[in-house]
Every structure is written in C-alpha cells, then in structure tokens.
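The values are calculated or read from the model by the stated rules, or taken from the named source; none is laboratory data. Keep in mind that this is a model prediction, so the values were computed, not measured. Here the Cβ is made from the backbone with ideal geometry for all residues, glycine too, and neighbour counts use every protein chain on show.
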Amino acid sequence: MHFLVLMRMVPDVIEELEIAPDGKSLDREALRLIASESDDHALEEALLLKERHGGRVTVVAPEAPEVDDLLYAAAAKGADRLVRLRGVNPGLGVPALAGSCVAALQSSAGLLPADLILTGAQTIEDLDGLIAPLVAFRLGLPYIGVVTAVTEIAEGKASVIKEFQAGYRGEFEIALPAVLGVQSAEKPPRYVPVAKVRAAMKSAKIEDVEVPQPVAQSLDGIEVLSMAKPEVAGRAEMLEGSPEEVAGKICELLAERGLL
Amino acid sequence: MTDPAAGLVLGIPARLILWGLALVAFGLFGRRVAAYVKVLKRARPEPRWDRWPARIRRFLFEVLLQRKLLEEPLIGVAHLLIFWAFVFYATSFFWNLLKGLLPFLPVPYADQAYAMALALEIFGVIGLAGLVTAAFRRYLLRPPRLEQTRDAGIILTLISVVLLSSLVGAGAASLAGEAHGWRPVATAVGGLLAAAGAEAAEAGALAAAMWWVHMVTVLGFLVYLPYSKHLHLLASPFGVLFGALEPPMPAASDGASRLEEFTWRQLFSGLACAECGRCDRACPAQNSGYQLSPKMLMHQVKELIMASLAAGGNGHALLPDRVKPEQVWACMTCLACIARCPVSNEHVPVLIELRRKLVADGELDGHLQEALTNLARYGNSFGQSARNRARWAQGLDFKIKDARKEPVTWLWFTGDYAAYDPRLQPITRTAARVLARAGVDFGILYEAEQNSGNDARRVGEEGLFETLMEKNLAAIAKARFEKIVTTDPHSLHALRQEYRWSNGRPQVAHHTELIWELIRTNRLTPLRRLSGKVTYHDPCYLGRYNGVYDAPRRILRALGLELVEMPRCGSRSYCCGAGGGRIWMEDVAGIQERPAESRVREAAATGAATLVVACPKDWVMFQDARKTTGLEDKLVIKDIVELVEEATQP
C-alpha cells in the first residue's frame with residue numbers, strides 16, 4: 001500500500017497577521033507559518049493505516065519557511081519519503097495550487113500511483129475545502145471529504161466514515177486509488193519527542209521536486225480586491241458600584257433593550 | 001579459659017563442624033552477592049566516584065549517626081541503638097569465628113577479652129532495648145505505610161536470638177567463674193541463672209552451648225540477609241556513599257523500563273530499600289490518593305532485579321505492569337521522598353527515566369502534549385506568541401531595559417507563569433516596581449526569553465529541554481549583564497544547576513535573595529511596619545532543590561510580620577501539586593484531597609491570616625485551593641513581593 005499525504009504550511013493565527021502594503025494580501029514577511037491542523041490529522045490517519053495494512057507513507061509539501069520542520073517531524077513519526085515541491089508560488093489560490101501539485105506529482109517518478117491520497121479537509125486558507133476534490137478531479141480519481149476514519153481496506157476498496165452534523169455518521173465505500181479529505185484522524189495526532197525529530201534531521205532526506213510549469217499567479221478568474229484586519233467594535237462597559245447598584249443597572253439595561 | 005570450638009560434637013570434631021558451617025554460609029552469601037553484582041553490571045554506567053570528602057561526610061551523618069532516621073525520634077533512636085549493637089556484634093562475630101577456625105591465633109575469643117566482653121554486654125542490653133521499641137512500634141503503634149512483612153518478624157527474632165544467646169552465655173560464664181572484672185550484665189544474668197536453678201558446674205557447658213547458638217544464628221543470618229528486606233543492611237551503606245550529592249537528574253537517555261536500560265545506581269535503590277515508608281508518608285501524590293507510591297516503586301525495582309535473577313536474561317520491564325503509566329505521571333518531582341529517605345534512594349530519577357520512555361512512545365496526556373507542543377513552537381506553555389512575553393510590563397510607568405540592547409547589572413529571567421498568566425502579571429509588575437525603587441539596574445530579554453525547560457525535562461522531554469536551553473543560552477549570550485535574578489524557582493533551578501554555561505555559570509539569584517540583600521544593606525527601606533501573623537510556604541524548587549530557606553523568612557521578619565511555621569516547613573515542605581509538569585496534566589479520578597488543598601488547610605490551622613508564597617505557580621495553585629476548600633474568608637494568599645510593596649511604597 002502506498003499512502004501519499006499532501007501537507008501545507010498555513011499562517012499561524014497565534015501570531016499577529018499583517019496586511020501587505022498592496023492591501024490585497026497577507027504580509028508574508030511578517031507572518032509565521034504552521035502545519036495545517038487537518039493535514040496533521042491526514043498524516044496521522046496515513047500512519048495508522050500503514051501500521052494496520054503495511055506499506056509506505058510519502059509526505060509531499062509545497063516549499064515554504066519552516067516546511068522542513070514539518071517534513072522531518074513527519075519522518076520522526078514514521079513517514080518513509082519526504083518530498084518538497086519547489087516553484088509553488090505562495091500566493092496562489094487553491095485551484096492553481098492543486099494544479100501545481102498534481103503536475104509535480106505526475107512529473108516525478110515513483111510518487112504516483114498511490115492507493116490513497118490523503119490531505120486535510122480544510123485549512124484556514126482553504127475554508128471551502130477545495131484542494132482534495134480538485135486534486136481528485138485532475139487525477140481522475142474518486143474523492144470523499146470530511147473523513148474521520150478509514151475502517152477497512154480490501155480488494156481494491158476502502159470503507160471510510162464521514163461525519164455529518166450532530167453526531168450523524170455515514171459509512172462509504174470508495175474504489176482505490178482515491179483521494180480523501182481528512183477532517184480528523186481516528187486518534188489525536190501522535191506526539192513526537194524533539195530528540196526523535198533531531199535524529200530524523202540527521203537520517204532522513206528531503207527530495208526536491210520541481211513544479212514543471214510554475215504558475216505566477218492565480219488563474220481562477222478571481223481577484224482579491226482588498227483585505228482588512230478585524231475592527232474593534234465597541235468596548236465592553238464595566239458596571240461599577242455596590243452589588244445592589246450593579247444589579248439595578250443590569251435591570252435598567254435589560255428593560256431598555258426590551259429584554260424584560 | 002575454655003575453647004568452645006574444641007572437643008567433639010556428636011562424635012565429630014567441633015572445629016570441623018564450624019569450618020563446614022562457615023564455608024557453606026559464606027559460600028551461599030557470596031554467591032547471592034555475586035549475583036547482585038552481576039545484575040548491576042548489566043545496567044548502564046553512572047559515575048558516582050567524585051567528591052569523596054562530601055561522600056564520606058554524608059556517610060558519617062547518614063550511616064554512622066543515622067541523621068534521617070532520627071527525624072522520627074522513637075524509631076530513630078531504637079534503630080541507632082540496634083545499628084551500633086549490630087556493629088559491635090558483627091565485629092565480635094568475625095573475631096570469634098577467626099579464633100574458632102584458627103585456634104593458633106595469639107588472641108583470646110572476643111567474649112574472653114575483658115574490654116570487648118564488657119562492650120558486648122552493654123551493647124547487648126542497648127540493642128535489646130532498641131528491639132523492644134521497634135517491635136512495640138511495628139506491632140502495636142502500627143505506623144501508616146510501614147510495610148508489614150513476615151520478613152520483619154523473622155529479622156527481629158533472629159537479632160533477639162543473637163543478642164540473648166550472647167548475654168545468657170556471658171551470664172553462664174559469670175556463674176562458672178570465667179567472667180573477670182566488672183561485668184554488671186554478666187553478673188546479673190548469672191545471678192538469674194543461679195536463681196533459676198543452674199549449677200556452677202554445668203554453667204561452663206551452657207556458656208559453650210550459647211556460643212554455638214550465637215555463631216550458628218549469625219551464620220544463618222548471613223545466608224538469610226541477602227534474600228530478605230534486610231538486604232538494606234548490606235546495600236544501604238553503599239547507597240549512601242554513592243548517593244547523589246545534588247538533586248539528581250539522570251543524564252540524557254532514551255528512557256528506561258527494562259532492567260538494562262536503567263543505570264546501576266537507579267537499580268541499586270531497589271536493593272537498598274528497607275520499605276520503611278518514610279517516602280510514602282512524605283509524598284504528596286500518595287497522600288492525595290494518586291496511585292503512586294514511591295516505596296512500591298522501589299519495591300518494583302527490586303522485583304525487577306529478582307525476576308532477572310530468577311529467570312535470567314533480558315526482557316524484564318517495569319512498564320506497563322509492574323509500574324503503571326498513571327503512577328509514573330502522578331509524580332510532582334517535589335523531592336520529598338529523596339529528602340526523607342534514610343538510605344539515599346533516588347526515586348525521582350527512576351520516574352523520569354520511565355517518563356522519557358513513555359514520551360518516546362508517544363504515550364502522554366493530551367493536555368501535556370499540547371503544553372509540550374506549545375513549548376517547542378512558541379517557547380511558552382500558554383500557546384501564546386513570543387511577542388507577548390513582555391506584555392505584562394505595559395502597565396508600568398517606566399520602561400524596563402532591554403538587556404539585549406543595553407548593559408544591565410541584573411538580567412531578570414521572568415519565566416512563563418509570571419509573564420503570561422493574567423492573574424500573576426500584576427505581581428510581576430509589583431516585583432519590577434520594588435526592584436526599581438531600590439535602584440536595582442535590571443533588564444529583561446523580551447521576546448527572546450523562552451521557557452527554561454525545567455518542567456519539560458521533568459516530564460521526560462529531554463530533547464525539548466535541550467532545545468529550550470540552547471535558545472535561552474544563545475539569547476543570554478547576546479545580553480550584557482552581571483547576574484541573573486528570577487521570581488520563578490523552577491527557572492532558577494534550571495539556570496543555576498542544569499544549564500551548560502559555556503563561559504562559566506553566572507550568579508543566579510531568587511528575587512527573595514536579592515530583596516533580602518537590598519533590605520539588609522538599606523537600599524530598600526520599609527517605610528511602615530506591617531503587622532499580623534503570616535505563614536510561609538517553601539517552594540520545592542527553592543527549598544529542597546536549592547537550599548534557599550532563610551532569605552524569605554528574614555524579609556518577612558524585617559517587614560515586622562509575625563511568622564508562624566506550618567508543621568511541614570523547610571526541607572519537609574509539602575508540594576503544592578504543580579511541579580514536575582503536573583500543572584499541565586489533567587486531574588485524575590479518585591483524588592481525595594489535592595496537595596494544594598491539604599496545604600492551605602495546614603496554613604489556615606496555624607492561625608495565620610496570610611499564606612505567603614515565593615513561586616508564581618504556588619500563588620495560582622493556592623488561590624484555587626483556597627476557593628475549593630472554602631477558606632476564602634480565613635486565608636489570603638500573597639506573594640512575598642506584594643508584602644514588600646505594601647511596606648516600602650511611599
């Protein structure tokens with residue numbers, strides 16, 4: 001079995017985001033990137049499947065600052081092959097990114113075929129969750145998204161669980177090879193100690209694969225007009241005084257707004 | 001004088017019998033000891049061959065004077081008496097045995113040399129008194145967490161037989177007219193024997209018989225010893241001699257669970273353990289209802305060695321059955337077990353090795369995993385941006401120097417909790433104001449400071465500790481300063497004792513040490529006398545780990561406060577429950593009383609209205625405990641720096 005995991009670095013929203021002088025994009029100099037959370041789950045699911053069914057896990061990620069840390073951590077967790085895609089424009093929209101990734105996968109020997117291609121169902125830069133279906137479409141493979149478990153792989157088919165709202169779940173069968181958009185792995189992503197990551201840095205090798213025809217900008221027919229930081233909308237008002245006075249003020253406010 | 005080893009016994013020359021018994025006993029004894037040595041040789045090395053003057057000094061206090069045993073006076077005194085009786089009797093035994101085996105030696109038997117015989121009978125009585133006390137405590141007082149084993153009864157009986165046979169023998173010799181000089185005990189026992197109807201004529205035979213009872217019992221004891229819990233009698237002197245002279249932290253490793261993965265010293269603790277339960281009585285995890293028992297941990301280490309001896313080969317492991325992961329995670333690394341252990345056992349390093357193993361296998365609590373991931377990525381366990389580290393300083397009316405940009409005398413290493421926890425930030429600002437008021441020239445590292453890694457190391461994430469240490473050392477190397485100060489005892493310990501400084505370790509002070517120095521030299525003057533009764537909690541990493549007990553107390557007295565001590569104070573202080581990374585882990589079910597709750601009740605019981613702390617984590621833990629115990633009306637938690645502020649602000 002060959003499991004291929006497509007992972008992406010996304011802006012870390014713990015750090016403050018800055019808008020670039022053009023007003024249309026994030027200031028990529030100022031921001032710090034982090035592995036997309038659902039991609040981490042896709043990797044975990046792939047590792048669990050490898051443990052269960054045997055085979056190998058290839059991790060593919062577009063070049064970005066700190067992407068090496070992501071790849072080495074994946075190796076420390078048990079990934080067998082690490083591939084960095086070079087020539088992917090960081091500002092690309094998702095359709096163009098999917099195109100670049102697929103072109104690179106097809107151009108390099110041994111990356112395809114994969115029995116399962118797994119990637120996160122959503123990232124903070126891809127709220128629509130387009131990457132997995134677009135990769136599937138371009139490769140002509142079946143796709144299913146918002147997957148929370150792969151329960152069985154046998155005779156060229158996989159059984160997967162897809163989670164709906166309010167705890168409703170459906171079990172689906174999908175013909176292999178296929179593309180999965182993973183919402184969450186069966187178990188939380190494993191912890192990998194720093195010492196193991198450091199050891200992987202020494203022993204694991206990252207291969208570079210060039211995107212054959214780099215795309216300079218998005219060709220999606222969509223243009224970003226402007227970006228804005230969240231505005232502080234009014235401040236909380238602190239009610240002061242003795243408990244009785246505060247209670248009185250609360251009653252007044254509620255009455256004022258027709259809530260009493 | 002008669003020679004008890006002369007003549008025939010059952011038609012066989014007595015001396016031949018003595019030779020046979022001695023050879024068998026020493027053979028069995030030697031075989032068992034050699035087996036232990038062989039097992040220890042399979043373990044990893046751990047150098048403990050340095051600083052002999054300090055080791056010998058400790059040996060003197062802990063073995064010869066039994067200082068730690070005396071912390072529990074009743075059994076302490078009894079044990080000391082039995083110990084010294086044992087030393088004398090062992091000497092006499094070897095002396096007698098040599099003379100018995102080699103009659104041509106130009107010396108008398110030990111009990112026939114006047115000074116030795118007198119010493120023996122005096123120590124015999126003293127030893128018996130000790131034995132009676134020990135039996136009284138074990139079987140009637142029944143202290144909690146003392147292991148009640150059949151072994152203990154056997155040993156008490158054996159030692160009694162050894163002492164009594166010697167005393168009765170001396171009495172018989174006295175009756176037979178063979179005891180010369182002033183022999184009060186022999187004379188008294190001889191009198192008793194005579195009163196019981198013993199004849200002087202047969203007393204000589206009785207003395208010889210007692211000599212044989214004594215020798216055979218001791219030889220039996222010798223064989224029994226290395227198989228029993230009284231192995232501690234052989235092992236503990238070496239345990240103390242090769243004990244850690246500083247709070248122990250195992251050298252970097254991949255962790256341990258199987259016998260050969262531990263160091264010899266870690267395994268040795270299992271052999272030296274007497275199962276006295278002092279560690280359990282002191283352990284905050286054990287006393288809160290966590291599954292961890294440091295005593296049983298030592299016992300399991302011993303069981304590991306025994307299993308290896310019985311079945312041979314590798315593959316015997318502590319995890320996951322002999323010691324369960326939830327026991328491993330319960331430890332707060334407060335060091336109370338090690339501080340109390342009379343035989344210098346090292347419980348915490350064994351737990352840290354086990355934690356390293358669990359971390360390497362990815363078996364850890366989700367909250368802990370999140371904290372470690374945050375430490376690795378953001379340099380703090382709060383999962384906040386490094387850029388926010390100095391945000392606490394924004395409420396000050398002066399700007400704190402950036403030690404990376406301008407030289408300062410004191411580099412203030414703030415630590416995570418003081419910097420990021422919104423409840424503690426006001427106290428951190430207070431500390432800054434106090435230092436500024438005293439004219440202290442200080443600065444911080446701003447976003448370049450990272451968590452010290454102390455607690456990451458204690459949860460078994462050694463690689464993360466290394467990374468954080470390297471980042472901090474690199475940041476500190478860029479700063480110009482003379483000394484380091486911190487309000488956080490956990491950071492203090494890492495910086496003072498565990499960081500590998502390339503150009504020599506700078507002086508690292510706790511803020512209580514600095515503030516006391518400022519008050520003592522009149523650079524910080526209390527403008528008003530505070531009044532009232534306060535009690536002070538010694539943080540584990542300040543007290544037991546770094547020996548700072550006096551500075552905070554001196555400050556409190558200098559402020560005019562009446563300091564009352566809790567029963568568990570100084571090196572006996574009781575952990576708040578946050579240490580060793582426990583603050584990042586989820587509470588487990590079945591906890592009877594959290595350590596912090598026990599501690600605030602203890603504080604309230606002193607009659608003090610204020611519990612003073614000197615560690616940011618303590619403040620957080622006790623604030624919570626004060627609410628859950630309903631002591632909000634009775635007890636206030638204050639950081640010591642808040643009191644200094646009250647007394648010194650204009």
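Look through segment B:434-461, keep the residues that are within 35 Å of the chain's Cα centre (by Cα) and outside any helix (DSSP H, G or I), and return whichever of them is farthest from the other protein chains (Cβ to nearest Cβ).
If we take residues in segment B:434-461 being within 35 Å of the chain's Cα centre (by Cα) and outside any helix (DSSP H, G or I), then B:449 is farthest from the other protein chains (Cβ to nearest Cβ).
Inside segment A:1-22, can you point out the residues that are farther than 28 Å from residue A:46 by Cβ and either surrounded by 24 or more Cβ atoms within 10 Å (Cβ to Cβ) or touching an Asp or Glu at 6+ places or on another chain (Cβ under 7 Å) (or both)?
The answer is A:18, A:19, A:20.
Please verify whether segment B:67-74 includes one or more residues that are touching a Pro at 6+ places or on another chain (Cβ under 7 Å) and under 25 Å from residue B:249 (Cα atoms).
The answer is yes; a qualifying residue exists.
Does residue B:431 satisfy the criteria of being in contact (Cβ under 8 Å) with a residue 60 or more places away in the chain, more than 13 Å from every other protein chain (Cβ to nearest Cβ), assigned to a helix (DSSP H, G or I) and within 36 Å of the chain's Cα centre (by Cα)?
In short, yes.
When you look at residue B:455, is it charged (D, E, K, R) and crowded, with 23+ Cβ neighbours inside 10 Å, yes or no?
yes
Could you list, in sequence order, all residues of segment B:294-321 that are touching a helix residue (DSSP H, G or I) at 6+ places or on another chain (Cβ under 7 Å), part of a loop (DSSP other than H, G, I, E, B) and surrounded by fewer than 21 Cβ atoms within 10 Å (Cβ to Cβ)? Show your work before the answer.
Within segment B:294-321, the subset touching a helix residue (DSSP H, G or I) at 6+ places or on another chain (Cβ under 7 Å) is B:294-295, B:297-298, B:301-302, B:304-305, B:308-309, B:314, B:316, B:318-319.
Now restrict to residues that are part of a loop (DSSP other than H, G, I, E, B): B:314, B:316, B:318-319.
Matches in segment B:294-321: B:314, B:316, B:319.
Looking only at segment B:429-461, count every residue that is closer than 28 Å to residue B:648 by Cβ and among the hydroxyl-bearing types (Ser, Thr, Tyr) and tell me the total.
2
Within segment B:333-350, does at least one residue satisfy the condition of being part of a helix (DSSP H, G or I), more than 14 Å from every other protein chain (Cβ to nearest Cβ) and small (Gly, Ala, Ser)?
Looking through segment B:333-350, at least one residue is part of a helix (DSSP H, G or I), more than 14 Å from every other protein chain (Cβ to nearest Cβ) and small (Gly, Ala, Ser).
Where the second residue is at pLDDT below 90 and the first is charged (D, E, K, R) and lies in segment A:245-256, which pairs have Cβ atoms under 6 Å and are six or more apart or on separate chains?
Here the result reads A:249/A:239, each pair linking segment A:245-256 to a residue that is at pLDDT below 90.
Go over the candidates B:504, B:570 one by one and state the one that is small (Gly, Ala, Ser) and in contact (Cβ under 8 Å) with a residue 24 or more places away in the chain.
B:570
Applying the selection to segment B:596-650, what residues are assigned to a loop (DSSP other than H, G, I, E, B) and out of contact with any helix residue (DSSP H, G or I) (no Cβ under 7 Å at 6 or more places or on another chain)?
Residues of segment B:596-650 that are assigned to a loop (DSSP other than H, G, I, E, B), as a first pass: B:606-609, B:614-615, B:629-635, B:649-650.
Across segment B:596-650, the qualifying residues are B:606, B:607, B:608, B:609, B:630, B:633, B:649, B:650.
Looking at A:129, A:120, A:91, which one is closer than 15 Å to residue A:10 by Cβ, in contact with a Ser or Thr (Cβ under 7 Å, 6 or more places away or on another chain) and surrounded by fewer than 21 Cβ atoms within 10 Å (Cβ to Cβ)?
So the residue among A:129, A:120, A:91 that is closer than 15 Å to residue A:10 by Cβ, in contact with a Ser or Thr (Cβ under 7 Å, 6 or more places away or on another chain) and surrounded by fewer than 21 Cβ atoms within 10 Å (Cβ to Cβ) is A:91.
Kindly provide the set of residues from segment B:375-400 that are part of a helix (DSSP H, G or I) and within 9 Å of chain A (Cβ to nearest Cβ), ordered by number.
B:376, B:377, B:378, B:386, B:387
Right, residue B:265: farther than 30 Å from residue B:589 by Cβ, basic (Lys, Arg) and not assigned by TED's automatic domain parsing to the domain that holds residue B:490 or not?
Spelling it out, residue B:265 is indeed farther than 30 Å from residue B:589 by Cβ, basic (Lys, Arg) and not assigned by TED's automatic domain parsing to the domain that holds residue B:490.
Which residues, taken from segment A:158-205, are in a helix (DSSP H, G or I), in contact with a Ser or Thr (Cβ under 8 Å, 6 or more places away or on another chain) and farther than 27 Å from residue B:255 by Cβ?
Hits for segment A:158-205: nothing passes.
So, of the residues in segment A:160-193 that are hydrophobic (A, V, I, L, M, F, W, C) and within 14 Å of another protein chain (Cβ to nearest Cβ), which turns out to be farthest from the chain's Cα centre (by Cα)?
Among them, the one singled out is A:192.
Do we have residue B:78 as more than 30 Å from residue B:257 (Cβ to Cβ) and touching a residue at least 40 places away in the same chain (Cβ under 8 Å) here?
It is true that residue B:78 is more than 30 Å from residue B:257 (Cβ to Cβ) and touching a residue at least 40 places away in the same chain (Cβ under 8 Å).
Does residue B:585 fit the bill of being within 21 Å of residue B:415 (Cα to Cα), in contact (Cβ under 8 Å) with a residue 40 or more places away in the chain and not assigned by TED's automatic domain parsing to the domain that holds residue B:329?
yes
Any idea how many residues of segment B:358-371 are surrounded by fewer than 24 Cβ atoms within 10 Å (Cβ to Cβ) and touching a Ser or Thr at 6+ places or on another chain (Cβ under 9 Å)?
Selection size over segment B:358-371: 2.
Please work out which one of (1) at pLDDT below 95; (2) among the hydroxyl-bearing types (Ser, Thr, Tyr); (3) in contact with a His (Cβ under 8 Å, 6 or more places away or on another chain) is the condition residue B:502 fails and give its number.
So the condition that residue B:502 fails would be (3).
Among the residues that make up segment B:414-427, is at least one of them part of a loop (DSSP other than H, G, I, E, B), among the polar types (S, T, N, Q) and within 15 Å of residue B:477 (Cα to Cα)?
No; the residues of segment B:414-427 include none that is part of a loop (DSSP other than H, G, I, E, B), among the polar types (S, T, N, Q) and within 15 Å of residue B:477 (Cα to Cα).
Is there any pair linking a residue in segment B:462-484 that is within 14 Å of chain A (Cβ to nearest Cβ) and surrounded by 21 or more Cβ atoms within 10 Å (Cβ to Cβ) to one that is among the aromatic types (Phe, Trp, Tyr) and in a loop (DSSP other than H, G, I, E, B), with Cβ under 8 Å and at least six apart or on different chains, and which?
B:469/B:499
Which of the residues belonging to segment B:247-275 are of a type outside the set (Gly, Ala, Ser), within 13 Å of the chain's Cα centre (by Cα) and surrounded by 24 or more Cβ atoms within 10 Å (Cβ to Cβ)?
Passing the criteria: only B:273.
Can residue B:605 be described as small (Gly, Ala, Ser) and surrounded by fewer than 24 Cβ atoms within 10 Å (Cβ to Cβ)?
Yes.
Wholly within segment A:43-123, which strands (runs of 3 or more DSSP E) include no fewer than the required count, namely at least 1 residues that are over 16 Å from residue A:185 (Cα atoms) and not hydroxyl-bearing (Ser, Thr, Tyr)?
Answer list for segment A:43-123: A:56-62, A:81-86.
Does segment B:45-64 contain at least one residue that is closer than 30 Å to residue B:180 by Cβ, free of Cβ contacts under 8 Å to residues at least 24 places away in the same chain, surrounded by 12 or more Cβ atoms within 10 Å (Cβ to Cβ) and not basic (Lys, Arg)? Don't jump to the end; show me each part of the working.
First, the residues of segment B:45-64 that are closer than 30 Å to residue B:180 by Cβ: none.
The answer is no; no qualifying residue exists.
Whether any residue in segment B:304-325 is under 28 Å from the mean Cα position of the chain (by Cα), closer than 30 Å to residue B:61 by Cα and outside the structural domain of residue B:586 (by TED's automatic domain parsing) is what I want to check. Can you show your working first?
Taking segment B:304-325 as the starting set, the residues that turn out to be under 28 Å from the mean Cα position of the chain (by Cα) are B:304-309, B:316-325.
Adding the requirement that they be closer than 30 Å to residue B:61 by Cα leaves B:305.
Imposing the further condition that a residue be outside the structural domain of residue B:586 (by TED's automatic domain parsing) reduces the set to B:305.
Yes, segment B:304-325 contains at least one residue that is under 28 Å from the mean Cα position of the chain (by Cα), closer than 30 Å to residue B:61 by Cα and outside the structural domain of residue B:586 (by TED's automatic domain parsing).
Please specify each residue of segment B:355-365 satisfying the condition of being touching an Asp or Glu at 6+ places or on another chain (Cβ under 8 Å) and within 9 Å of another protein chain (Cβ to nearest Cβ).
Residues of segment B:355-365 that are touching an Asp or Glu at 6+ places or on another chain (Cβ under 8 Å), as a first pass: B:356-357, B:359-360, B:365.
Correct list: B:356, B:359, B:360.
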